[in-house]
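As structure tokens, the structure follows; a few thoughts come after it.
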Amino acid sequence: MASAAAAAYDRLAELKAFDETKAGVKGLVDAGVAELPRIFHAPPHILDAYPTAAAEDPNYVFPIIDLGGAWEDPEKRKKVVAEIRDASVVNHGVPASVVEEMKAGAHRFFNLDVEEKKQYYGRDMRKKVVYHSNLDLYTSSSANWRDAVMFQMAPNPPAPEELPTSCRDVVTEYSSEMLKIGDSLFELLSEALGLKSNYLKEMGCAEGVNVVYNYYPACPQPELTLGTTQHADIGFISVLVQDDVGGLQVLHKDHWVDVPPMADGLVINIANLLQVINEFP
């Protein structure tokens, strides 16, 4: 029976059928799927790779850095420079109204009619706006329960009419804010690496901005899949905004550590290229 079941499962055909709907995971949710399609079943060695740290364990407290005063007070700046690594930052200067509107913009986009979203669907990352479900859909061992839309906003932004009207204004405004906070963070990170404050900016680290909306809906069988498998981010840094649902984790000392949602807080991840600079300044 097991052999017959395996023979009946044509993974490539199921992947293509899912992809060709251009509706993503949101389409499955809207259709009321009650059983997780097999293409999303993650292998046990991925699901069970690392345990999650107990929330009350003091060894796994996620760091929070207050940037307030770091540009006016030399002593405060020294403290921030000594602390800044992977962390959540507050008093970062990005208006709370912009952060909240970004969250609202994500809801508006993913709740668009399928036919309206289809115009942005694809896997051609040369485009300025790409809506997709799993960029590695055809190469990964299992699909993630996740959709995303990516906007390449700097240094060469799309024309306004290329952006969805559901989030056009806020994505543009948020990108501008990210360029500003990027300048500030790269100054602090340069100093944390023992370099002059404008070192990373002069390398061009702060010039590019990609904005990504990620959609992680409730799953009918969450024990069988993941929203995102273990990975490291590309680029120099990632600035993450969470809603109040939670679920974001980082790997620390062979344990997954929950990153608690924080109102107006931004999570800063050190990505691959900056790690290379750290090793070879």
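The values are calculated or read from the model by the stated rules, or taken from the named source; none is laboratory data. If you're wondering where the values come from, they're calculated on a predicted model, not measured in any experiment. Reconstructed Cβ throughout: ideal geometry from the backbone, glycine too, with neighbour counts over all protein chains shown. Please note that ligands, DNA and RNA were not included when accessible areas were found on the heavy atoms of the full protein model with its side chains. Shrake-Rupley method; radii C 1.70, N 1.55, O 1.52, S 1.80 Å.
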Phi angles of the stretch 58-63, converted by Karplus (6.51 cos²θ - 1.76 cosθ + 1.60, θ = phi - 60°) into ³J(HN,Hα) in whole Hz with x for Gly and Pro, give x, 6, 10, 8, 6, x
Dividing the mean separation of Cα pairs under 8 Å (6+ apart) by the residue count of the chain yields a relative contact order in percent of 25
Per the rule of 0.36 nm per residue minus the C-alpha distance, extending T165 to A104 adds in nm 20.7 nm
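What value, in deg cm²/dmol to 500, does the helix sum -39500 (n - 2.57) over DSSP H runs of n ≥ 4 give at 222 nm once divided by the residues of the chain?
The helix contribution divided over the chain gives -9500 deg cm²/dmol.
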Once Y50 and K76 are pulled to full extension, the length gained, defined as 0.36 nm per residue separation minus their Cα-Cα distance, is 5.7 nm
Solvent-accessible surface ranking, highest first, for F40, F236 at 1.4 angstrom:
F236, F40
Using only Cα atoms, figure out Rg for the stretch 57-207 and give it as a multiple of 2.2 N^0.38 Å.
1.26
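Where the eigenvalues come from the Cα gyration tensor of the stretch 170-254, what are the semi-axes √(5λ) of the equivalent ellipsoid, largest first, in whole Å?
On the way: eigenvalues 186, 61, 21 Å².
Result for the stretch 170-254: semi-axes of 31, 17, 10 Å.
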With the Cα gyration tensor of the stretch 123-281 in hand, give its eigenvalues times 5 under a square root as the equivalent ellipsoid semi-axes, listed largest first in whole angstrom.
26, 22, 16
Semi-axes of the equivalent ellipsoid of the stretch 87-171: what are they in whole Å, largest first, if each equals the square root of 5 times a C-alpha gyration tensor eigenvalue?
24, 18, 14
Between E35 and L135, take the C-beta separation as r, use R0 = 25 Å, and let me know the FRET efficiency to the nearest 0.05.
0.50
Expected output is a single nm value to one decimal: the length gained when fully extending between E14 and D243, i.e. 0.36 nm times separation in residues minus the C-alpha distance. What is it?
79.3 nm
Probe radius 1.4 Å, ligands and nucleic acids ignored: give me the carbon and sulfur share of the accessible area of the chain as a rounded percent.
53
Measuring from label point to label point, each 7 Å out along Cα→Cβ, what is the A263 to I234 span in nm?
3.7
Cleavage-rule hits, trypsin sites (Lys or Arg not before Pro), the stretch 56-113, DSSP coil, Cβ neighbours within 10 Å at most 14:
R85
For Y131, distant residues with modelled amide H under 5 Å away:
Y121, G122, M150
Residues whose placed amide H lies under 5 Å from that of W256, excluding near-sequence neighbours
T52, A53
Under 30 Å from K22, Cα to Cα: lysines that are on another chain or at least 8 residues apart
K103, K117, K118, K127, K128
Just for the chain, what percent of DSSP beta bridges are antiparallel, to the closest 5?
80
Per residue, how much accessible area does the chain show when a 1.4 Å probe rolls over the protein heavy atoms, in square angstrom?
54
GNM on the chain, Cα springs under 10 Å; top mean-square fluctuation among H255, H45, H92 goes to H45
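Taking GluC sites (Glu not before Pro) as exposed when DSSP calls them loop (any state but H, G, I, E, B) and at most 15 other Cβ atoms lie within 10 Å, what is the longest stretch of the chain free of them, the sites themselves excluded?
The segment 73-206 is the longest one with no such site.
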